[in-house]
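The values are calculated or read from the model by the stated rules, or taken from the named source; none is laboratory data. These figures come from a predicted structure and were not determined experimentally. Because the Cβ atoms are built from the backbone with ideal geometry, glycine has one as well, and the counts that use them run over all protein chains shown.
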Amino acid sequence: MFHFGQKLLFARKRWLFLATFSIAIIMASTISIFTSSEAIKASLQENAYQLYGEHSGVLIGIDATKEEVSAKTDGAGQYQIVNQYEIDVNKTATIGWMDKDALQLGHIDLLEGSFPIDENEVAIESSYLYLIDPNWKVGEEKSLHLNNQDVNVLLTGIVRDYSAKWSVPYDLDIGRNDFPNIFISQKHVDRGETNFLFKFNGNKNKVEKRSREFLEPYTMSGFINQKLLFEGLIDFNTISTSAFIFQTLIIITSICCVFTLFSYLHSNQRKNIAVLRSVGAKKEDIFRIYISQSIIIFFFSLLLSLPLQVIFYHGIIKSSFIQNNFSGINIVFMITVITIWLAIIFFIILGNSIYSIRKIDQYSTNELRREDFQIKHLKGWIAKIKSFAITQFALQILEYPKKVILALSTVVFSILMVLFSIYLQNESAGIWEADEDYFLSASEFTMMDQVEHLDMLINKASFFSREDVEKLEKTSGISYINKTPFMMDIHPLISSNIVTPAIQDWIRQFNPEKHKYHKQLIIPHVKYVLINEQNFNELYVNNDYQDFKGKIIISPPSESRNPNDSLIGEHLSFVRKSQGSGEEITTQEWTFEVYDVISGNNSNLAFLTDQSNALTIIMDEQTAFDHNLLPGYLELTIFTDDALSNKDAKHIDELIQRMSSLMPGSLYQNLNDFREEDTKISFYVGYLGKLAYAVSITLTVISIIVIFFSKYQSQKRRWGIYLSLGMTRKQVFQYLILEMIIYIGSAIVISLSIFLIAMKFLEHLYPIPFYLKYYCFVILFLYTLLLIGSIVLNKVMKRQSIFSMIRVED
Amino acid sequence: MRSILKANQLIKTYDRNSNHEVVKSITLSVKEGDIHVIQGRSGSGKSTLLSMLGGMETPTSGKVYYKDASFYDLTEEQQANIRGEAFGFVFQSLNLIPEFTVLENIELPLQFINNKNKKWDTEELARVLEIEKHLQKKPYALSGGEQQRVALARALITSPKILFADEPTGNLDPSTTKVIIELLTGLNQNQGLTLIVVTHEKELFQHPHRLYVMQNGRLKES
């Protein structure tokens, strides 16, 4: 029976090619989407490990051995903070050691040399080494002042900057719970409390869950590697979900195509099956024929899909993340998943065969033998229409209506699929209008406590020093730095008798309970802007800067009611609560006169941007530092010159990176790179959408062409009669094409309506005409494919003689 | 009288690889108003020859001329016009459209031709063929003989120059056969209709102008 099935199959070579090609596309697209997404994920994972370490979390100062931690996790590395080295007044380096496992888990690499083995040997993080002595070379000794004595140490290696990028605890305390910047040998350290990097295996969600469970008993002594999970692997779930969704969508559309293709094969085979039945073939024999055909088609398709897989794989990678790490994919996992996808495809093919066998069962041998010129009973008004064209058209529509509806639903589905993936691509990428180049934050988080309704900082402040920022401002190529002062613990207070309606509204919005401090209302959520003389002169062309020094300007939110200048000349108090080294809380208070009240929405000045939703207090920078209102800056947004030379750009990048590298828990963002990275995932989603559309629409067009050819074949005697009576082949083709155009036109109208309705409810940054442009491309592509298909159909039709169409075979 | 239809060295091979010729180098000439009868066993190639002469099967080689024009060298549209206006066909399997009424079936060729001035009035033609009572019926409601007459009416509605008939009485009883043959002979004599008839019945036409026997793809005049 296998041989018979094979013979029947090979007798229809063109059909076999079409079916094999279609299934190969299905296989190639689903498998390549999976393999490329896994390769991208492997690459992202490797990059994330390089940046943030492979560890899932950190345990600090716990009373446990490495073996105990390892037993509860999937791997652990040990490290210890031993001492601190004061580089200068503002910078302190942490001295410590890490065991081999910790170095491995942290992906801590050496740029040069080796890690220390003996006493008085050190390996230092690159940026810290630059700060200590940029000329200190590996193999050279240098005297460092440690614990009030000078110690001669040998530099054995330079460590790639890592510590500033890693996640740190909320209560970061340099030299206590951060990571070593200066590595020493562990052999010569008295073991005290040690710290651990630990790792859990599994996917992102599983790792996060297991880590949280593991850390539960260590509330204050451990933290999750948030940067790894939420920054480094941020796209992980999106990639997996997108890949799975698009694979599923392709499989759904492929069901229609496979169903149509196999219906055609099986309806063509019916007569042969009838002959087999008449000579004694049983249901099992017919089943074997169909199974053998399914197996042959499956393996042929698999073979043909291999080169297509390579093409699709590289297409996906090149259009999105570029980077990929195929060798990083877990082979067992990959084989398992691919096998599952292939099994699904095989069962779709087999399912169609079984469906056909069950359908054949409903017919007698004689019915199967009969020609296909079956009578269609025209119902109701159609039968009354005297127009030949309309009656003929009705007859055409009555042929395979279910298949046509299925194919057209797939067209609607495919169009919507690509439109929504383009929507996702564009909306997730957003619109980048700002031209800032870098964003630096000294600290990802600050810990606050409430004292007398005032926020008090309880962890050690991380900030960019005024000197460093000024040095950066003076660097060639830097055009402007927007500085956010570290003043979140400074609270302005206002007496009830002078509060203006605008400030009253603001207090009502953010301090509804109207908390007071020493009988004065606390003004919440204030934004501070520090300006210098140049900024002041931009704001007030005719005023004297000296008159402003020591005073403040208030800029209420632009939309507030009655912004007025009634506060001018009044005094506002400022208060800060802080905790010393012990438990005692100190209070600092200042009073400043209001120089002016300005409206925030009429300023085009760079330092006063984004004032619309903020109550801003503008202060002289020098006055603020002189009064010790701030230690430095919390955030910096850096703008560089437009025509920056490569050399200057590199120098600025190094300088900015170094500023951040010396600050554990800080955030460094090269916004140009960030924009590029940020758009990769949207490009990925967009590309998958387009690939899924291309695949599904190709399959759908194949289905439509096969349906129309089947329609033509089953009605070929009718067409033959028309041709013998004087109809031209062109007219026959026109009838078929008109039908196709009407169907596709309906699909287009339906899909457009659904999309427009959806867009009415969905939020979108881009206007609807922007998406309609893509819609036109999608339709154009569909029509191009249909045109190609129609030309092929026309060619096949033309090859059949009228005589062969009319002749009754029996 | 001049030739209305000529065939020159007609050959038909269905499978080019096997070189098996169904029709082997046939040359013939049909004058206007002639009755040509082609006899032969089934499988001898007579239906294939008829379809080539009638513009429904492109020959593998050779030419078919209709009024000096090489039929298969004409454009698709010109071929369709000749088939619709100058040729009429009666098929062995009738090929009536089951969804259409008898009237619609008879008038079907008028949908495709340019010259709509038919010589025959449908009802008159139906009356001549004695199917006027069945015009609103569907073909499957008619007997075999009636269906055959509907097929003949459809072939004649455009007043063709040549009528090609493939076994026109193959499924009919002797009395109906006689009626059909008398009708065709009458049309030939009264209206100069050229008849090319394929049949396996030896005595169908008493005095054909030409009587051929087809054997293994070759045509012999007897």
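Here are the numbers:
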| quantity | calculated |
| --- | --- |
| So A:M805, is it in a loop (DSSP other than H, G, I, E, B) and either within 14 Å of chain B (Cβ to nearest Cβ) or surrounded by 15 or more Cβ atoms within 10 Å (Cβ to Cβ) (or both) | no |
| Residues located in the stretch B:61-87, provided they are within 11 Å of chain A (Cβ to nearest Cβ), in contact with a Phe, Trp or Tyr (Cβ under 7 Å, 6 or more places away or on another chain) and of a type outside the set (A, V, I, L, M, F, W, C) | B:Q79, B:G84 |
| Long-range neighbours under 6 Å by Cβ, at least six apart or interchain, first residue more than 7 Å from chain B (Cβ to nearest Cβ) and under 18 Å from A:S710 (Cα atoms) within the stretch A:722-742, second of a type outside the set (S, T, N, Q) and assigned to a helix (DSSP H, G or I) | A:V732/A:W719; A:L736/A:F708 |
| Enumeration of residues in the stretch A:9-36 that are among the charged types (D, E, K, R) and in a helix (DSSP H, G or I) | A:K13, A:R14 |
| Which numbered condition B:P160 fails, given (1) surrounded by fewer than 19 Cβ atoms within 10 Å (Cβ to Cβ); (2) touching a strand residue (DSSP E or B) at 6+ places or on another chain (Cβ under 6 Å); (3) not β-branched (V, I, T) | (1) |
| Conditions (1) surrounded by fewer than 17 Cβ atoms within 10 Å (Cβ to Cβ); (2) under 23 Å from B:G170 (Cβ atoms): number failed by B:S47 | (1) |
| Residue within the stretch A:574-589 that is more than 42 Å from the chain's Cα centre (by Cα), exposed (fewer than 14 other Cβ atoms within 10 Å of the Cβ) and modelled with pLDDT of 90 or more present | yes |
| Residues satisfying the stated conditions in the stretch A:711-720, i.e. more than 16 Å from B:E77 (Cα to Cα), surrounded by 21 or more Cβ atoms within 10 Å (Cβ to Cβ) and within 10 Å of another protein chain (Cβ to nearest Cβ) | A:R718 |
| Residue that is touching a helix residue (DSSP H, G or I) at 6+ places or on another chain (Cβ under 6 Å), of a type in the set (S, T, Y) and within 12 Å of another protein chain (Cβ to nearest Cβ), where the choices are B:T48, B:T58 | B:T58 |
| Test: residue in the stretch A:120-134 that is over 42 Å from the mean Cα position of the chain (by Cα), within 22 Å of A:Q78 (Cβ to Cβ) and assigned to a strand (DSSP E or B) | yes |
| Tally of residues being within 11 Å of another protein chain (Cβ to nearest Cβ) and within 16 Å of A:F388 (Cβ to Cβ) across the stretch B:107-132 | 8 |
| Residue list for the stretch B:133-174, restricted to those being without any contact (Cβ under 8 Å) to a residue 24 or more places away in the chain and away from chain A (no Cβ under 12 Å) | B:K133, B:S143, B:E146, B:P174 |
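This table checks each residue for (1) modelled with pLDDT under 90; (2) surrounded by fewer than 20 Cβ atoms within 10 Å (Cβ to Cβ); (3) touching a Phe, Trp or Tyr at 6+ places or on another chain (Cβ under 9 Å).
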residue: A:N135; (1), (2), (3): no, yes, no
residue: A:S163; (1), (2), (3): yes, no, yes
residue: A:D173; (1), (2), (3): yes, yes, no
residue: A:F183; (1), (2), (3): no, no, yes
residue: A:T194; (1), (2), (3): yes, no, yes
residue: A:G202; (1), (2), (3): yes, yes, no
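Condition check ((1) modelled with pLDDT of 90 or more; (2) surrounded by 14 or more Cβ atoms within 10 Å (Cβ to Cβ); (3) under 36 Å from the mean Cα position of the chain (by Cα)) across all residues:
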| position | (1), (2), (3) |
| --- | --- |
| A:M727 | yes, yes, no |
| A:Q734 | no, no, no |
| A:Y743 | no, yes, no |
| A:A747 | no, yes, yes |
| A:A758 | no, yes, yes |
| A:Y771 | no, yes, yes |
| A:L782 | no, yes, yes |
| A:L785 | no, yes, yes |
| A:I791 | no, no, no |
